[in-house]
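Data block below; observations after.
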Amino acid sequence: MTQESVTRMLAQWKAGDDSAFERAMPLIYNELRFLARAYLNSQPPGHTLRPTELAHEFYLRANGLRHVDWQSRGQFIAAAAKVMRNLLVDHARKKHAAKRQVPSARSDPSAVSREHPLDVLEMNRALDKLSEDFPRPAEVVQLIFFGGLNAAEATEVLSACGTAVSQRTVERDWKFARAWLSQRMRLR
């Protein structure tokens, strides 16, 4: 199966054919698990979600993406990355609400870097702020950091979504966004 056939199945799904989505899922399931694994690798050891569970949670919520006019398989994977990010944020919020917070950089920087490489809620807040001020670099972060794409793939997805940019621009946006997020998260 080619990328075009997955895109065609997604278009059929949008048109109301539920079986088209069921046929497309096995073709993209490994990519969804890869995305889930990439997300979870940035989490503290002992994180309670596993890649398969995160991929399955995405599958359960995928119906919310049915209305999108899919231009490519990459566009779908980018949307899946965004949904998975939101699922992780929801999971982290539930843990925080249950008084099981991970240490913050302010309380013990060495614990954060060793045991808790990324506070999902802090990253989410910073990424939301970046998105308000600099939407395209925020989208590049979404695609590269959370989506597991490289700069060339991110360029392709952005172009398919109507944001025509060069790979060099994506690479500059990625560099800028990393510096911006690093500074923002360090100040908290």
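None of the figures in this text is laboratory data; all of them are computed from the coordinates on show. Predicted, not measured: the structure shown is a model, and the values here were computed from it. Cβ atoms come from the backbone with ideal geometry, glycine included; neighbour counts cover every protein chain shown.
Remarks
- Two-site FRET efficiency, residue 134 against residue 95, from Cβ-Cβ distance with R₀ of 22 Å, rounded to 0.05: 0.15
- Residue pairs exceeding 21 angstrom between C-alpha atoms, taken from 94/175; 129/175; 14/94: 94/175; 14/94.
- Charge tally in the Cβ shell below 14 Å around residue 159, where Lys, Arg are +1 and Asp, Glu are -1, residue 159 excluded: -1
- FRET efficiency, 1/(1 + (r/R0)^6) with R0 25 Å, evaluated for residue 168 and residue 86 via beta carbons: 0.25
- Estimated inter-spin distance, residue 29 and residue 185, nm [label 7 Å along Cα→Cβ]: 3.2
- Ranked by the mean number of other Cβ atoms within 10 Å of their residues, highest first, the peptides 175-185, 151-161, 57-67 fall in the order 151-161, 175-185, 57-67.
- In terms of surrounding Cβ atoms within a 10 Å radius of their Cβ, 120, 83, 165 rank from fewest to most as 165, 83, 120.
- Additional length obtainable on full extension of the chain from residue 60 to residue 8, 0.36 nm per residue less Cα span: 16.6 nm
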